[in-house]
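Each remark here refers to the structure printed beneath this line.
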Amino acid sequence: MCGIFGIVYRNGNPSEKDLYEIRSALKTLTKRGPDLTSYLVSNNVILGHTRLAIIDLSPAGNQPMSNEDGSVSIVFNGEAYNYLALKKRLTGKHKFKGNSDTEVLLHLYEEKGTKLCKNIEGMAAFGIYDKNINSIVLARDRFGKKPLYYYLDTNFFCFASEIKALRKIKAIRNKLTLDQQSLHKFLFYGYIPHSSTIFDEIHKVPAATVVRFDITKWQLGKPYKYWDLSEFAVNRCLESRSVVLDKVDGLLRSSVEKRLMSDVPLGIFLSGGVDSSLISYYMKQLGADFSSFSVSYKNSPEADETEYINYVCEKVGFETHTCEFADSDVPKLFTEIYDYIDEYFADAAIIPLYFISKIASQKIKVVLSGDGGDEIFGGYTKYTAQKYIDYANRLKISWLVSHLAGLFKKDNPLYKLKVLDLPLYIRQFIFGSGSFMPEEYVQLMREGTFSLEQIFQEARDFYQKSEMFTPLNKCLYLDASIQLPDFYLVKGDQATMAASLEMRNPFLDKQLSEYAFTLPDKLKIHGNITKYLTKMLAERYFSHDFAHRKKRGFGVPLDKWIRGPLKPIFKEYLFVENPLFSRDYIKILFDKHVSSEEDNRFKLLRIFSANYCYNKYHET
């Protein structure tokens, strides 16, 4: 993994002062790439790169990298798992100086132009400066595993792996304003969906998208989306369950094998759940030399998975490094990772993930994870809830269920059924996320009006593409298109990159995900059994009881932490004076949580994150 950066100056070549700012910007990305920092100046364009060396550790793999005549240069963050096969097609047409996947992408661009992304399997965010057409080309991989931000005004076009690098350019920083609409979105989603960011003037390149900036015309072209799971969900797989199971078995095994490609030590994060356990099984069967890392909760046995982790290790035949996480570790880790994060973000699971990443990075540089299995194969209980709501709507009794839901306490999951009459694409992101309900939101905000339709505009846009899908595939498609790239993959990227560690996700393989979206609903959710197919696959290699137990993943006792080790910092930031929230309402939420009258952990974390970011950016 690496950090990438680029800037174009409209009014002449960069000065020495500009170069000082570039070096400062690159310094903010050194956790992403601690092995080497370098940049290339070409007229009014600068490309910068911080390297975490994984493939081709020689100087030939260093970036920025240019083609033979210097007309095309690239900065690349990611891994192209099929680069050796691509290289074979290009050999003879181009001269290769080394053995890196970056050089393959560089020459592939010369052959394919912006269509090169269709040929890449893996994770990628890159910027290419093409002198032939005087343009910058930006792109992200299919699921958006790697981040990419950009900024444009009348004087500068700038892109980077992180917002903090963009903010090191003073002329950019002075123009940034916090986006109020993004705050509305965050408080409902728990994150900011693309292409918005915390700032009005900075945007995300969406997943599976190419954006071209024409330097001569000084304008962005229309984004080109080169892949979408909606292309596959309309197909119906008619194969038998046993055939499907064999295919998924083979595809997942193949996906794991691709992700073992490395010139440095690698490992796995083992949670004790089905997804990471299956990956560990394939790694062992494929003869990989790997290390395993797991979290043990010293003070929270209700969140501890050690029993199941030990079972997997014994069954598969390997040992794991157990990282003992104590409540006393929480405050320091919490502030460290929230200082690193650039935007509003509300998933406390990032804390133990950052903790284990710091420990793992002392032994390895690459780790595999089970992220993505739930969104691809139907692992969340909210999918079952949506199925029953669909029945209620067809029976025309949704009004009754909605009324009865209002009788439950606000922290009861059934209370969220009050939103039964809202569109599926809104319910999807309120269910299971700890979101504020609309009436609670009104009490929280100090001023201003809000529109659910505007807040969930991105969800509506994707939903409109899924009108021909089954209800379950609609839900999966929404989560795979928004929740994955803008939330869970952000968590994985931020937690691991803050520790200079690369994470790979076998469940987010191109072939595997495309095939999964052709499968019938009953193979994903069977009755009330979520992720049915994956559990059936796990039964091949583990016990039935293990395959069907409730998974917690890197679950965290945030509710207890807010009453304990995090209480001082939450009190400090929940009640800061700013124009955003009603402190009286926050006090009600906080007091009821501390007294255990209600579980408001998710709401309090969102308020904390918003205030923490607001303070950080108003102090600088």
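The values are calculated or read from the model by the stated rules, or taken from the named source; none is laboratory data. The shown structure was predicted, so the numbers you read here are calculated from the model rather than taken from an experiment. Cβ coordinates were reconstructed from backbone atoms using ideal geometry, including for glycine residues, and neighbour counts include every protein chain displayed.
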*For residue 299, indicate whether it is over 27 Å from residue 54 (Cα atoms) and either out of contact with any helix residue (DSSP H, G or I) (no Cβ under 7 Å at 6 or more places or on another chain) or among the charged types (D, E, K, R) (or both).*
no
*Elements of type helices (runs of 4 or more DSSP H) contained in the range 221-306, each with 3 or more residues being of a type outside the set (Gly, Ala, Ser) and not assigned by TED's automatic domain parsing to the domain that holds residue 79*: 241-258, 274-285
*asked:* Need the failing condition index for residue 228 against (1) touching a residue at least 60 places away in the same chain (Cβ under 8 Å); (2) buried (at least 23 other Cβ atoms within 10 Å of the Cβ); (3) under 19 Å from the mean Cα position of the chain (by Cα), just the number.
replied: (2)
_Yes or no: the range 61-74 includes at least one residue that is outside any loop (DSSP other than H, G, I, E, B) and closer than 20 Å to residue 259 by Cβ._
yes
*Considering each of 199, 186 in turn, give the residue that is of a type in the set (Phe, Trp, Tyr) and touching a Leu at 6+ places or on another chain (Cβ under 6 Å).*
199
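Residue by residue, here is whether (1) buried (at least 20 other Cβ atoms within 10 Å of the Cβ); (2) without any contact (Cβ under 8 Å) to a residue 12 or more places away in the chain; (3) part of a helix (DSSP H, G or I) holds:
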{"residue": "427", "(1), (2), (3)": "yes, no, yes"}
{"residue": "435", "(1), (2), (3)": "yes, no, no"}
{"residue": "459", "(1), (2), (3)": "yes, no, yes"}
{"residue": "467", "(1), (2), (3)": "no, yes, no"}
{"residue": "473", "(1), (2), (3)": "yes, no, yes"}
{"residue": "480", "(1), (2), (3)": "yes, no, yes"}
{"residue": "487", "(1), (2), (3)": "yes, no, yes"}
_Let me confirm something: among 12, 33, which residue is in a loop (DSSP other than H, G, I, E, B) and more than 19 Å from residue 140 (Cβ to Cβ)?_
12
*asked:* Just to be sure before I move on: is residue 198 in contact with a helix residue (DSSP H, G or I) (Cβ under 8 Å, 6 or more places away or on another chain) and over 22 Å from residue 607 (Cα atoms) in the structure I sent?
replied: no
*Going by the structure shown, is residue 90 on the phi < 0 side of the Ramachandran plot and in contact with a His (Cβ under 8 Å, 6 or more places away or on another chain)?*
yes
*Determine whether the range 28-35 contains at least one residue that is polar (S, T, N, Q), over 25 Å from residue 99 (Cα atoms) and assigned by TED's automatic domain parsing to the domain that holds residue 120.*
yes
_helices (runs of 4 or more DSSP H) contained entirely in the range 95-203, each with at least 1 residues that are free of Cβ contacts under 8 Å to residues at least 60 places away in the same chain and not assigned by TED's automatic domain parsing to the domain that holds residue 484_ = 101-112, 170-173
*asked:* Could you check the range 37-96 and list, in sequence order, the residues that are β-branched (Val, Ile, Thr) and crowded, with 16+ Cβ neighbours inside 10 Å?
replied: 37, 45, 46, 50, 54, 55, 72, 74, 75
